[in-house]
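Every number in this text was worked out from the coordinates using simple rules, so none of it is lab data. This one's a predicted model, so the numbers in the text were calculated from it and none came from an experiment. Note: ideal-geometry Cβ built from the backbone for every residue, glycine included; neighbour counts use all protein chains shown.
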Amino acid sequence: MNNLTILNAFLFFVFGFFSNSFSISDNTTATTSQNSLTSATFAEASAKTDQSGSDTDKIEIMKSKITEMYSRYSQYRTESASVYISQGWDKSNALDNEQLVKGVDAINLREAKDLFNNYRLPTNSKVGAENAHKFWLVVLNSNEDTEFQTQILKAMHEELEENDISTADYAFLADRIRVNQGKAQIYGTQVEYNEITERFEPFALRKPESVDQRRVIMGLERIQSYINEVNSKFKKPVKRKVEVRRSDKRRG
């Protein structure tokens, strides 16, 4: 597991705005203005595709939209992650990125909903595993809309038997939703920093005695190995004097 994959588990909840999704590395230099297609534009493209009736056209539109969303998603996070790892969050360029990240996240949430409503869930067989994962990253970051996250989780559940989605992605999203809702997580993917032990630890777990059985089924390493790797690669987070969101108090 690399550093960016581990960041996926907790950065958003440590810092209140920064999403947890660096499991795919992307060096995009596209600007927000270049990628911020409106919902109206997306709807027009969908209408044209419906008229043509080509499944290939629909898949290409899905791939194109996912690429645009991921470019927006990663643009400011890549810079912010670099600042966090080397300097901490109190640097001005990391703080300035906060509003930029929130802005592109709002655009991506709208676009993700439109894509799902028009074409349903982007699965491995439809758009490829990488694109399916990128769409999941956008959904995972939609923490202000747990209703939409839950809608996607249900759609992913339907694809589990067909092995058409990542089981690990499913586990992360399931835990994210439960922690956002103040419930105990199932797979232990979400962690927080314990000031007393000075270690990252998982948020509350449902039936912790059997968590490793659930994790293995979903293709995840055993929880102690996961937690050990998190703590070996990341130091105590630098605190920021900002209002802490409800979910931030409970998860990492």
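Here are the numbers for this structure:
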| item | result |
| --- | --- |
| Spin-label pair Val216/Glu198, simplified geometry with 7 Å Cα→Cβ offset, distance in nm | 3.5 nm |
| Separation in nanometres of the label points that stand 7 Å from Cα toward Cβ, at Ser125 and Glu144 | 3.6 nm |
| FRET E, pair Ala184, Glu162, Förster distance 30 Å, beta-carbon r, rounded to 0.05 | 0.55 |
| Spacing of the two label points (7 Å from each Cα toward its C-beta) at Arg110 and Ser54, in nm | 2.9 nm |
